1. Looking at 72, 30, 34, 40, can you tell me which residue is modelled with pLDDT under 95 and in contact with a strand residue (DSSP E or B) (Cβ under 7 Å, 6 or more places away or on another chain)?
2. Within segment 48-67, track down each residue that is outside any helix (DSSP H, G or I), surrounded by 13 or more Cβ atoms within 10 Å (Cβ to Cβ) and at pLDDT below 95.
3. Of all residues in segment 1-43, which are polar (S, T, N, Q) and part of a helix (DSSP H, G or I)?
4. Look through 59, 67 and report the one residue that is touching a strand residue (DSSP E or B) at 6+ places or on another chain (Cβ under 6 Å), charged (D, E, K, R) and within 25 Å of residue 2 (Cβ to Cβ).
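The values are calculated or read from the model by the stated rules, or taken from the named source; none is laboratory data. Just so we're clear, the structure is a prediction, and the values are computed from it rather than from any experiment. Backbone-built Cβ (ideal geometry, glycine too); neighbour counts: all protein chains shown.
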Amino acid sequence: MAVKLADKDIARIARALAEPRRFQILKEIGATKGGVVSCGELRDHHKVTAATLSHHLKELETAGLVETTKTGKFMTIALNRGVLDAYLAQLQKI
């Protein structure tokens, strides 16, 4: 089923992706096999504090671009391909 995005959703995604580090994080998640990466792997690639990485991931999650799953003290981040595809489809209509 195709994801429907309201104008406010599109604006939220655009704001989230306007930050270069968040855009890079999303690209890295999408480039992994299955579109899933551990928080530790992202932290290894981005030399930022855990709090900063958490903030960026929260913005991507709020925009609907990623989904996080906690297992004990570990967290994995998965690309929400449906939302990304719906966003790109809306951009193509411009």
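1. Values: 72 fails: in contact with a strand residue (DSSP E or B) (Cβ under 7 Å, 6 or more places away or on another chain); 34 fails: in contact with a strand residue (DSSP E or B) (Cβ under 7 Å, 6 or more places away or on another chain); 40 fails: in contact with a strand residue (DSSP E or B) (Cβ under 7 Å, 6 or more places away or on another chain).
Result: 30 is the single residue among 72, 30, 34, 40 that is modelled with pLDDT under 95 and in contact with a strand residue (DSSP E or B) (Cβ under 7 Å, 6 or more places away or on another chain).
2. 48
3. First pass over segment 1-43, keeping only residues polar (S, T, N, Q): 24, 32, 38.
If the condition is that a residue be polar (S, T, N, Q) and part of a helix (DSSP H, G or I), then 24 is the only one that fits.
4. Details: 59 fails: touching a strand residue (DSSP E or B) at 6+ places or on another chain (Cβ under 6 Å).
After applying the criteria, what remains is 67.
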